[in-house]
Amino acid sequence: MRILILGGDGYLGWAQSLYLSSKGHDVFIFDNLMRRHFDLEHNFSSLLPIATLQERVKAWKEISGRQIQFRIGDTTDYEAIAAVFREFQPEAVVHFAEQRSAPYSMIDRKHAVFTQVNNVVGTLNVLYAIKEFTPACHLVKLGTMGEYGTPNIDIEEGFIEIHHKGRSDILPYPKQPNSFYHLSKVHDSHNIMFCCKIWGIRSTDLNQGIVYGFETDETVLDPRLATRMDYDQVYGTALNRFCIQASVDYPLTVYGQGQQTRGYINLRDAIRCIELAIASPAQEGEYRVFNQMTEQFSLIELAEMVVKQAQEVGLHARMVHVANPRVEAEEHYYNAAHTRLIDLGLEPHLLSGSVLQSLINLAITQREHIDPELIVPTVNWRTTKNEVVHTNDGVSE
């Protein structure tokens, strides 16, 4: 198939591009390199060094014999995205091209506005390009489990059956986003569902849990094919942060009580889920939602697992509880359905000691490149301006 991957230079996008290309698909990457510009602007960097997009594509052709096309451009520029649709005529579009960090969106007004404009306008442009140039194309959009929040009932996959005053209906599951980033994803979902209804577009919205891992069968073939490993306070996830902290004898900082529970998924499973969605596309006019996660953990559970694994290799790992810079329920019910991708054939790689060990080993081998200052949080949900909350924490998920 001809598959257009928006945001194909990012953490997930690059691994996805390699995977689909290895399966014989004709892959075209469209990316504005925003994530790289952010690193340059703030002196951040991936713990695992990454090559330029040009070097990556060249290396993949040398190793696999397969060509990945790419173009630098922005989804908020309709003429640029329209040109790609018109020329490439994709049969499927995988949409990763969004600002993906909740802390980034909460820094201040400027970052909140950028997040919403980039994500919502960019997705609207994609929807219009599909309508105009490739109406039969299947849109596979990366949403987030964060759209749901933490309701006191089970989380269903996108929709819920409601019985009210003697009548029943199946309605979109209520959304309780927790940041301007998560709000942008909710707006995306509503816009996509609306366009499916009025234009007959077909779309799969993948509400994804927090992704962990940095290796796939393709990225390990050559150092130039590596994908990102972020640990900073804006883009790094809690699991990454805990492994990095353990490797440099830094206390694993747990927000508040640490009972905040979220869904998680291995990188290998995340890219497999996209393939499964593409292979079994939505029907004309269908808007469907899959919860793309395989397990759920609380922060304290993750920290305990990392401490145990780190201590087994002689590291002096330990936990501390710190003030929570986020506005969120620290104790809550959480039980999310995630069966539809399993039904399509997903065989999950669950979080294990070996996976944790690979993350810790990477942190140890790259220890001299770790900057502890990048772990310090500079974003407070209550103030939404750039100031230090406390001295030893940071998370993005």
Q.
Out of everything in region 88-106 that is crowded, with 22+ Cβ neighbours inside 10 Å and under 16 Å from W381 (Cβ atoms), what residue ends up being farthest from the chain's Cα centre (by Cα)?
A. M106
Q | Test: F28 is touching a residue at least 24 places away in the same chain (Cβ under 8 Å), among the aromatic types (F, W, Y) and touching a Cys at 6+ places or on another chain (Cβ under 9 Å) | A | no
Q. When region 202-221 is examined, which residues are found to be farther than 22 Å from Q176 by Cβ and touching an Asp or Glu at 6+ places or on another chain (Cβ under 8 Å)?
A. R202, S203
Q.
I'd like the full set of residues that are in contact (Cβ under 8 Å) with a residue 60 or more places away in the chain, of a type outside the set (V, I, T) and touching a Gly at 6+ places or on another chain (Cβ under 9 Å), limited to region 311-324.
A. M319, H321, A323, N324
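Conditions tested, residue by residue: (1) under 19 Å from N207 (Cβ atoms); (2) modelled with pLDDT under 95.
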{"position": "F85", "(1), (2)": "no, no"}
{"position": "E91", "(1), (2)": "no, no"}
{"position": "I107", "(1), (2)": "no, yes"}
{"position": "K131", "(1), (2)": "no, no"}
{"position": "P135", "(1), (2)": "no, no"}
{"position": "T144", "(1), (2)": "yes, no"}
Q: Show the residue pairs that are 6+ apart or on different chains and have beta-carbon atoms under 6 Å apart, the first residue being within region 75-87 and open to solvent by less than 20 Å² (accessible area, probe 1.4 Å), the second being aromatic (F, W, Y) and assigned to a helix (DSSP H, G or I).
A: F85/F133
Q) In the list S64, S45, S21, which residue meets the criterion of being open to solvent by less than 10 Å² (accessible area, probe 1.4 Å) and hydroxyl-bearing (S, T, Y)? A) S21
Q: State which residue is surrounded by the fewest Cβ atoms within 10 Å (Cβ to Cβ) when the search covers only region 108-148 and only residues that are hydroxyl-bearing (S, T, Y) and either touching a strand residue (DSSP E or B) at 6+ places or on another chain (Cβ under 7 Å) or within 22 Å of F159 (Cβ to Cβ) (or both).
A: Y148
Q | Count of region 138-192 residues which are hydrophobic (A, V, I, L, M, F, W, C) and in a strand (DSSP E or B) | A | 9
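Residue-by-condition table, conditions (1) open to solvent by 50 Å² or more (accessible area, probe 1.4 Å); (2) over 30 Å from K110 (Cα atoms); (3) not basic (K, R):
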| residue | (1), (2), (3) |
| --- | --- |
| N291 | no, yes, yes |
| V306 | no, yes, yes |
| M319 | yes, yes, yes |
| H332 | no, yes, yes |
| T339 | yes, yes, yes |
| Q366 | no, yes, yes |
| I375 | no, no, yes |
| V379 | no, no, yes |
Q: From the list Q283, Q259, pick out the single residue that is open to solvent by 20 Å² or more (accessible area, probe 1.4 Å), out of contact with any His (no Cβ under 8 Å at 6 or more places or on another chain) and over 16 Å from T144 (Cβ atoms).
A: Q283
Q. Inside region 201-249, can you point out the residues that are open to solvent by 10 Å² or more (accessible area, probe 1.4 Å), more than 18 Å from G10 (Cα to Cα) and among the basic types (K, R)?
A. R202
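The values are calculated or read from the model by the stated rules, or taken from the named source; none is laboratory data. If you're wondering where the values come from, they're calculated on a predicted model, not measured in any experiment. Every residue, glycine as well, gets a Cβ built from its backbone with ideal geometry; the counts of neighbours run over all protein chains shown. Side chains included, ligands, DNA and RNA excluded: accessible areas come from the protein's heavy atoms. Shrake-Rupley method; radii C 1.70, N 1.55, O 1.52, S 1.80 Å.
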